[in-house]
Structures are given as C-alpha cells and as structure tokens.
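First the structure, in the form of structure tokens, and then the observations on it.
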C-alpha cells in the first residue's frame, strides 16, 4: 500500500495525510478494475476524487463524490464513498489500452489536498503480438487453456497468455 504525503510543489513532503491506496492495479482490456482507497476518519465528510496524471498538482479529475455516500459516475468511471469503513472505491469499466497510466486517489480539503498515486495497467487480452518482420500469416496457437489467436511472421512473435510469455519462432518452436 502507498501512503499519501501532503506536498508543496511536486515532491517536497510536508506531513502524512492518513490516505492509502494499492499502489498498482491491473486488469484485462475490456474488463473493469476497482481501486480501494482508505482514509482517516477526519476526512469522512470531505469530497473524494480520482484524477489522472503523473504530476499530482496538475492531474485531471475524472470523477468525484459530493461528500456523501452516493455513487458518482462520469462515463466509464464511478466512485463511491463508505463513511463507516472510511474507504472509497473507484471503478473503471470497459478498460481501453489508453486508460493505462498514473492516477491518484484524492481528498478535497481546505489547504492542501492529500493524494496517493495508483498505477493502472491494462493487460492487452489473450495475446500481445509484437511485429518483428513485415511478412505475416494468420495463425492460431493452442495453449491448453484456450486459443491464442494472432499473426505470425518469419521472424517470430510474442504471444502472451496471462500465465506465461513463450517466445514462438521458427514457425511454432516454443523456446
């Protein structure tokens, strides 16, 4: 878990804020991912938010609560606060590759807002194909746990089922 630190500027720590998050989450393309952030009881009535950007001071707020426990939703992103558990949950639905990046769990308060970074990774699905040459043929590989569809060329391809990264080259020899 990451603990938030209040800052002046981009990186000078001031004092601990009592906000924590998972640090990193991942989910497959097209699926959903939920992020749970926990806060100190003094922030129960404050607005909570989820913002995107590598730099905390200039991140773009994607969705925020009103300070109540009602769910707020903006497009494919929702946020819900649970005052009793002192947590708020952000859910990103129907993930796209472009959704990957650095996000922040944040709390709106007088003075400096506490925030904690969360790296979101979108897994490319059943297969990650990387072109090594420009000549391709269509192919299909049976991994024993479902089919991995892809395009294969004379230089080989990487095909990533979720549990391994075999390198397939020379037309099917797995190294």
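The values are calculated or read from the model by the stated rules, or taken from the named source; none is laboratory data. Since we're looking at a predicted model, the values are computed, not measured. For neighbour counting, all protein chains shown are included, and Cβ atoms are generated from backbone atoms with ideal geometry for every residue, glycine included.
Figures for the structure shown
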{"item": "Residue ranges of strands (runs of 3 or more DSSP E) in segment 22-79 with at least 1 members without any contact (Cβ under 8 Å) to a residue 24 or more places away in the chain", "result": "60-64, 72-74"}
{"item": "Residue ID - surrounded by the most Cβ atoms within 10 Å (Cβ to Cβ), chosen from residues in segment 86-97 that are more than 13 Å from residue 35 (Cβ to Cβ) and touching a strand residue (DSSP E or B) at 6+ places or on another chain (Cβ under 8 Å)", "result": "86"}
{"item": "Residue within segment 105-113 that is at pLDDT 95 or above, surrounded by 13 or more Cβ atoms within 10 Å (Cβ to Cβ) and closer than 18 Å to residue 24 by Cβ present", "result": "yes"}
